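Trainee: The following block contains the structure, expressed as structure tokens.
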Amino acid sequence: MPKLNIQGLEAIKEKGRVVFSLRKEKALETLTPDERKKKHLLICGGTGCHATGSLEVIDALRKEIAKRGFQDKYSVVETGCNGFCAQGPVMVVQPDGIFYQKLKMDDAVEIVEEHLINGRFIERLMFVAPDTKKPIPRLNDIPFFAEQELIVLKNKGIVDPEVIDDYIAVDGYLGAAKALLEMTAKDIISELKTSGLRGRGGAGFPTGLKWEFAAKSSGDLKYVLCNADEGDPGAFMDRSVLEADPHAVVEGMIVAAKAIGSHYGYVYCRAEYPLAVKRLNIAISKAREYGLLGEDILGSGYGFDLEIYQGAGAFVCGEETALIRSIEGHRGMPRPRPPFPAQQGLFKRPTVLNNVETYANVAQIILKGGAWYADIGTETSKGTKVFALTGDIKNIGLVEVPMGTPLRNIIFDVGGGIPGKKREFKAVQLGGPSGGCVPAEFIDTPVDFESIVKVGAIMGSGGMIVMDDHTCMVDMARFFMDFIQEESCGKCTPCREGTRRMLEILEKITHGKGEPGDIELLEELSAMIKDSALCGLGQTGPNPILSTLQYFKDEYETHIYDKTCPAKRCAALLKFEVDIDQCKKCGVCFKKCPVQAIEWKKKEPAFIDKEKCIKCLTCISNCRYDAIF
């Protein structure tokens, strides 16, 4: 493949016009009748849908289409993450815009026969509205999709992430071309500062200002780094972006390189993301082949190249100085700052480090202008934010909303609310292990950097774990502290020893051995660690404890003084007996018990044999009437 110039980019873009008019279900008036007849079956090929069998569905559809000789009429495209993870495998048939979910191999024949050949949509495979119980045929009418605004995720479910022409056809690399051919480094930085883009990795530092610091730092060798070491429990934002749209990140790094005067970069991606690594490697290789990486990109005279560095999965390597040490070949441990990476980073050279989501915004800001981006969001938090929505919520998935969107809208309008008629929203954990729990009383809090901090949490990288009223907040704090203690690098004593001591106290409380003074000791240790730990992992580690103590202190007191767990999640504090008055004699607990420890006969209440019971909580989790205590 010869190296592209700007005309080559435009030619590929124009060549893809018809295909992407069809895939995006718009601009169809410009197409011929024959073009409109072509159908594209866009099937999610993200990790989540792979796990539920999307590859088998893709293979079955291709075989059925080939069997009937319709390869020229219908194409099956494996895209990246569609976003609606809970419903996978999912598919969108364009240009009809019809959304199908929870597909199986056996559905292939019916899809080809009914939808493609006879033009009849298949209701049983459609998303069903929970309120009306009616199927919703079109993707754009499903609330999960309709309530979002896409910038970072604009190409999700549309492009084949392993085909560079797909990305170019939707304006890909035009932002890099503009930055390289029409703008100076100062122009780029000025546009980023105008946009108000702040780092999406958690700290929220202004991106343009960070780039300006690195640009002004002296040195003939500088580096551009991408942090793809996503490690928060329940977080899958960066992984999904890399799987669905890797070229967006590559392009953003090219722009950053021009801005600071760098000619080489690294994407630091954890090895547990094999699909993301695979697709990013393909993207880098194809970009080099097209002359979009390497020397003299697009005839601009400017060169930049990059490679992937695979991390071993240490959570602490999400901290910038630990990440840098890891690439240098050392153990991933943070160092004191200053000097900051913009002055002295990788190999002691000026370095810019941003995360996946930050870079994925950059090309569009360059193309459309900083003012366009700044018009979205709030006064101090511009643009959109991607969240991994998970936990006790109906619509688990990847979502993108404007900054300032209230939590209520995200959880109930996009997320569909809490599953189960007898369950209520209790809290949402934001910011992962470094964040905090926001209780139901603050459900109308706007999601932006400042407002979230005011209620005791942080934006973080975008993990959003929803909890219903059967969640034990003490056990939740124990879970996150267990994670923090396990991931502590051990370099500083406050984090290494302090988190271990806090975990011991929480374990004691959840095992029914809590004592008066434990709450005060947790508060004292939290304050000490926050003030003296070396890096962000230790400094923010106590946040889950502090936020649960702030809003759910009564649960701690009940565990310590009454030796009971109101949420029925701490097995040591439960009797595992059946309340005969509450029991509806349905036998669900009997059927679900993995060790046959429950006795039950029709029209009689259940009985738990404590000698056989292993206290696995299966019966309590499956009892809809709270009859077991």
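The values are calculated or read from the model by the stated rules, or taken from the named source; none is laboratory data. Here the structure is a predicted model, which means the values were calculated and not measured. Note: ideal-geometry Cβ built from the backbone for every residue, glycine included; neighbour counts use all protein chains shown.
Trainee: Condition test on ASP531, is it of a type in the set (Asp, Glu), without any contact (Cβ under 8 Å) to a residue 40 or more places away in the chain and closer than 18 Å to HIS470 by Cα?
Mentor: no
Trainee: Confirm whether ALA342 is assigned by TED's automatic domain parsing to the domain that holds ALA203 and surrounded by 21 or more Cβ atoms within 10 Å (Cβ to Cβ).
Mentor: Values: assigned by TED's automatic domain parsing to the domain that holds ALA203: yes; surrounded by 21 or more Cβ atoms within 10 Å (Cβ to Cβ): yes.
Yes; evaluated as a whole, the condition is true for this residue.
Trainee: So, one more: With respect to PRO350, is the statement that it is crowded, with 18+ Cβ neighbours inside 10 Å, out of contact with any strand residue (DSSP E or B) (no Cβ under 7 Å at 6 or more places or on another chain) and not hydrophobic (A, V, I, L, M, F, W, C) true?
Mentor: Details: crowded, with 18+ Cβ neighbours inside 10 Å: yes; out of contact with any strand residue (DSSP E or B) (no Cβ under 7 Å at 6 or more places or on another chain): yes; not hydrophobic (A, V, I, L, M, F, W, C): yes.
Yes; evaluated as a whole, the condition is true for this residue.
Trainee: I'm told THR493 meets every condition in (1) surrounded by fewer than 21 Cβ atoms within 10 Å (Cβ to Cβ); (2) among the polar types (S, T, N, Q); (3) touching a residue at least 60 places away in the same chain (Cβ under 8 Å) except one. Can you identify the failing condition by its number?
Mentor: (3)
Trainee: Now a separate question. Do we find that PRO135 is surrounded by fewer than 18 Cβ atoms within 10 Å (Cβ to Cβ), over 30 Å from GLY88 (Cα atoms) and touching a strand residue (DSSP E or B) at 6+ places or on another chain (Cβ under 7 Å) in this structure? Give the derivation first.
Mentor: Numbers: surrounded by fewer than 18 Cβ atoms within 10 Å (Cβ to Cβ): yes; over 30 Å from GLY88 (Cα atoms): no; touching a strand residue (DSSP E or B) at 6+ places or on another chain (Cβ under 7 Å): yes.
No; evaluated as a whole, the condition is false for this residue.
Trainee: What number goes with the only condition from (1) out of contact with any Pro (no Cβ under 7 Å at 6 or more places or on another chain); (2) hydrophobic (A, V, I, L, M, F, W, C); (3) closer than 20 Å to LYS385 by Cβ that ILE254 does not pass?
Mentor: (3)
Trainee: Another question, then. Pick from LEU225, LEU209: which is closer than 30 Å to ILE484 by Cα and at pLDDT 95 or above?
Mentor: Details: LEU209 fails: closer than 30 Å to ILE484 by Cα.
None of the other options fit; the residue is LEU225.
For (1) in contact with a strand residue (DSSP E or B) (Cβ under 6 Å, 6 or more places away or on another chain); (2) within 20 Å of TYR373 (Cα to Cα); (3) surrounded by 21 or more Cβ atoms within 10 Å (Cβ to Cβ), each residue gets a yes or a no:
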{"site": "ALA176", "(1), (2), (3)": "no, yes, yes"}
{"site": "ALA179", "(1), (2), (3)": "no, yes, yes"}
{"site": "LEU197", "(1), (2), (3)": "no, yes, yes"}
{"site": "LEU209", "(1), (2), (3)": "no, yes, no"}
{"site": "LYS222", "(1), (2), (3)": "no, no, yes"}
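Trainee: Considering only residues that are in contact with a helix residue (DSSP H, G or I) (Cβ under 6 Å, 6 or more places away or on another chain) and assigned to a loop (DSSP other than H, G, I, E, B), which ones fall in the range 153-169? Walk me through how you get there before you give the answer.
Mentor: The first filter runs over the range 153-169 and keeps only residues in contact with a helix residue (DSSP H, G or I) (Cβ under 6 Å, 6 or more places away or on another chain), leaving 156, 158-162, 164-165, 167-169.
Residues satisfying the conditions are LYS156, ILE158, VAL159, ASP160, PRO161, GLU162.
Trainee: May I ask you to verify whether ALA427 is in contact with a Pro (Cβ under 7 Å, 6 or more places away or on another chain), assigned to a strand (DSSP E or B) and surrounded by 24 or more Cβ atoms within 10 Å (Cβ to Cβ)? Please lay out each step first, then the result.
Mentor: Numbers: in contact with a Pro (Cβ under 7 Å, 6 or more places away or on another chain): yes; assigned to a strand (DSSP E or B): yes; surrounded by 24 or more Cβ atoms within 10 Å (Cβ to Cβ): yes.
When the stated conditions are applied, ALA427 passes them.
Trainee: Here is a list: THR540, THR548, THR499. Which entry is under 30 Å from VAL316 (Cα atoms), touching a strand residue (DSSP E or B) at 6+ places or on another chain (Cβ under 6 Å) and crowded, with 16+ Cβ neighbours inside 10 Å? Working first, answer last.
Mentor: Values: THR540 fails: touching a strand residue (DSSP E or B) at 6+ places or on another chain (Cβ under 6 Å); THR499 fails: touching a strand residue (DSSP E or B) at 6+ places or on another chain (Cβ under 6 Å).
After ruling out the rest, the residue left standing is THR548.
Trainee: Here is a further query. From the list GLY231, GLY265, GLY332, which residue is surrounded by 17 or more Cβ atoms within 10 Å (Cβ to Cβ), touching a Phe, Trp or Tyr at 6+ places or on another chain (Cβ under 9 Å), among the small types (Gly, Ala, Ser) and closer than 30 Å to THR390 by Cα?
Mentor: Answer to the selection: GLY231.
Trainee: Something else about it: So, of the residues in the range 452-485 that are touching a residue at least 40 places away in the same chain (Cβ under 8 Å) and within 16 Å of PRO406 (Cβ to Cβ), which turns out to be surrounded by the fewest Cβ atoms within 10 Å (Cβ to Cβ)?
Mentor: Among those residues, the one meeting the criterion is VAL466.
Trainee: Would a scan of the range 607-622 turn up a residue that is more than 25 Å from LYS513 (Cα to Cα) and part of a loop (DSSP other than H, G, I, E, B)?
Mentor: Taking the range 607-622 first, the residues more than 25 Å from LYS513 (Cα to Cα) are 607, 622.
Then drop every residue that is not part of a loop (DSSP other than H, G, I, E, B), which leaves none.
No; the residues of the range 607-622 include none that is more than 25 Å from LYS513 (Cα to Cα) and part of a loop (DSSP other than H, G, I, E, B).
Trainee: Can you go through VAL163, VAL152, VAL159 and tell me which one is among the β-branched types (Val, Ile, Thr) and within 15 Å of VAL401 (Cα to Cα)?
Mentor: Just one listed residue meets the conditions, VAL152.
Trainee: With respect to SER190, determine if the residue is over 16 Å from the mean Cα position of the chain (by Cα) and either in a helix (DSSP H, G or I) or farther than 20 Å from THR384 by Cα (or both).
Mentor: Taking the combined requirement at face value, the residue satisfies it.
Trainee: If you go through the range 157-179 one residue at a time, do you hit one that is under 19 Å from HIS263 (Cβ atoms), of a type outside the set (Gly, Ala, Ser), in contact with a His (Cβ under 8 Å, 6 or more places away or on another chain) and in contact (Cβ under 8 Å) with a residue 12 or more places away in the chain?
Mentor: Yes, the range 157-179 contains at least one residue that is under 19 Å from HIS263 (Cβ atoms), of a type outside the set (Gly, Ala, Ser), in contact with a His (Cβ under 8 Å, 6 or more places away or on another chain) and in contact (Cβ under 8 Å) with a residue 12 or more places away in the chain.
Trainee: Given (1) assigned to a helix (DSSP H, G or I); (2) in contact with a helix residue (DSSP H, G or I) (Cβ under 9 Å, 6 or more places away or on another chain), identify the lone condition not met by GLU114.
Mentor: (2)
Trainee: Considering only the range 587-613, state which residues are aliphatic (A, V, I, L, M) and closer than 13 Å to GLU577 by Cα.
Mentor: Residues of the range 587-613 that are aliphatic (A, V, I, L, M), as a first pass: 588, 595, 597-598, 606, 608.
ALA597, ILE598, ALA606, ILE608 - these are the residues of the range 587-613 that are aliphatic (A, V, I, L, M) and closer than 13 Å to GLU577 by Cα.
Trainee: Looking at THR510, THR493, can you tell me which residue is out of contact with any Phe, Trp or Tyr (no Cβ under 8 Å at 6 or more places or on another chain), over 22 Å from LEU574 (Cβ atoms) and not assigned by TED's automatic domain parsing to the domain that holds ALA360? Write out each step before concluding.
Mentor: Working: THR510 fails: over 22 Å from LEU574 (Cβ atoms).
Only one candidate qualifies: THR493.
Trainee: Could you tell me whether VAL255 is touching a residue at least 40 places away in the same chain (Cβ under 8 Å), in contact with a Leu (Cβ under 6 Å, 6 or more places away or on another chain), buried (at least 24 other Cβ atoms within 10 Å of the Cβ) and not charged (D, E, K, R)?
Mentor: On the way: touching a residue at least 40 places away in the same chain (Cβ under 8 Å): yes; in contact with a Leu (Cβ under 6 Å, 6 or more places away or on another chain): no; buried (at least 24 other Cβ atoms within 10 Å of the Cβ): yes; not charged (D, E, K, R): yes.
Taking the combined requirement at face value, the residue does not satisfy it.
Trainee: Please go through (1) under 25 Å from ILE168 (Cβ atoms); (2) at pLDDT 95 or above for PRO89 and return the number of the only condition it doesn't satisfy.
Mentor: (1)
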